[in-house]
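Below: one structure, written as C-alpha cells.
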Amino acid sequence: MAILNKFVPEVVRIEPRADGLRVLVLLRPESDRTEILAALKPLSNMDVQTFLRPKQLTAEMVTKAKTPSVLVLDADLSSQGDLDLIRELKDGPCARIPLVVLADRVTHLASIKAIRAGADDVVLKPIDPAEAHEVFARVGSAATSEEKSFLGKVIVFMHLVGGAGATTLAVNSASMLSSMSSTSDTCLLDLDMQYGNAASLLDLPTTSPIQELIAEPDRLDREMLERMMVKHAGDSVRVLTAPSLPLPLNALQASGVTTLLQTARRAYKYVVVDLPVALASWTDAVLKEATVIYVVCPPTVAAVHRFAQLRRLLQHEELTGLPIKIVLNRHQTPKRNGDISSSQFSKSVGRHVAHTIPNDYALISLSHNQGKAAVQLKPRGAFSDALFNMLRADLGSQAFADAPQRRSFFGIGY
C-alpha cells in the first residue's frame, strides 16, 4: 500500500484473528518500540503494524493506505507541532478513525492536552498493560460498531425572550435522543449559571458541582465530566445542571466552555446545550461548536424584533454561516389573539421558519409538575411527533437508527 512508501516499517507484526482490528501505530524515531510492541502484543484480536513517522506527516498519507480500524500516534505533547498534528488528523480525512495517543506520563496534563487536541483516548508511557487493554477495548468497540468514532453533534437551544420554552424543548430533545439507544450517548448541558432549571424539569435530586469546572477548567477531562453529570432516572440522559445558587454568567470563560464542549463531544454522540436568555462573553464559543442552533421563538411580534436584533448582532460580530434554525414554539391553528402565523413570522424576519412545535399546555404542565419529559409521558402526541420530525430533519435519520422499534412507539409510521 502507498503508506509503506512514507513510513519505515517495524519488522514485528502481531497477527490477529480474521475479524481483528487493524491498528496502525505511528512512532517517533526516539520511541522505545520494543516496549510499545511488548505492551501491545498481549492484546488479542489486533493486527498491529508500526511505522516510523516521517518529519512531515499529514492525514492524506494515512488515508492513502487501507484505512486502519484504529490509529495510534506516538506524540510529544510538550510540542505544539504534535498537538497541531493531532488536530489535523482528527479534523481531516481521519475524523472517523479512532485516534489513540501514546504520551509520556511526565508530560504535564498529558491526557487533557491530547483530548483537547482531538484524541479519542490516551495511553500513557511507560505503558501499563491493564490500562492499554482497557483503552483498546473501548476504542475497538467503537471501531467495529456500525457507527465509527467521530465527534458528537452539538444541538444548541437559544432563548430570545424568557418563557419561550427553549429549556422544555432542550430537555425533551435530550430525552428523546437518549431513548433511541441502549447506551448512554446523550448529555444535556444547562449553561444558564443563574436560573437554569433543567434539573427542576427532570426532578433531579442533586446538582452538578459546576464550581469545579469554574475553579479549574484546565483539569477537565472525560472522567471529570462524567463525575459532574447527574443521571435522570427515567432514561439514560446525563445532565450537567446549573449550580444550586446563581452565579454570574461571566464566571465561565470562553476557553473553559470550549473545553467543556469538546470534551463532551468526544464522550457523547449528542450534546444538547441550553443557553441562558442573556448573551455572555462565551456565547459565541458555543455557537461556533454547534451542529444546529435552534432559536426558539413564541409566535409574537416581540420575538420578531428580538430575532432581528440577534441577526444584526451576529452580522456585526462576523458570525455568519451559523446553522441557525428558527423554531416557532407553542404554535397553534387557529391563531390566538396576539399570535402571528409562521408565514408572517418568516416574512417579518426575512428568514424561513424551519419548524413549528404545537401548543400542548396541559401536557407540558403535567410534565413540569411530575419532573418527567413530555415525550415520555405522551410519546404518540402531536408535541412528540413534531419534535421527532425536527430532530430527524436536522440530525439525519441515523439518529434514530439504533432503536427502530421506537419509531412505531412514537406513532410516526416511518
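Quick note: the coordinates plus some simple rules give every number you see, no bench work behind them. It should be emphasised that the depicted structure is a prediction, and the values quoted were computed from it without experimental measurement. Positions of Cβ are backbone-derived with ideal geometry, glycine not excepted, and every protein chain shown enters the neighbour counts.
Odds and ends about this structure:
- Rounded to the nearest 20, the Cβ-based charge dipole of segment 192-272 about its Cα centre (Lys and Arg +1, Asp and Glu -1) stands at 260 debye.
- Put in order of Cβ neighbour count within 10 Å, fewest first, the listed residues VAL139, VAL161, VAL271, VAL239 become VAL161, VAL139, VAL239, VAL271.
- Sum of side-chain charges, ILE112 neighbourhood, beta-carbon under 9 Å (Lys, Arg +1; Asp, Glu -1): +1
- Highest-first arrangement of 215-223, 193-201, where packing means the average Cβ count within 10 Å: 193-201, 215-223
- The ranking of CYS94, CYS297 from fewest to most other beta carbons within 10 Å of each one's beta carbon is CYS94, CYS297.
- The slack between GLU317 and ASP84, meaning 0.36 nm per residue of separation minus the straight C-alpha distance, is 81.2 nm.
- Annotation for segment 309-385: trypsin sites (Lys or Arg not before Pro) lying in DSSP loop with at most 14 further Cβ atoms inside 10 Å of their Cβ are LYS335, ARG336, ARG380.
- For VAL230, residues with placed amide H under 5 Å, excluding near neighbours: VAL239, LEU240, THR241
- Value in Å of the Kirkwood radius, where segment 153-409 supplies the Cα pairs that are averaged: 18.5 Å
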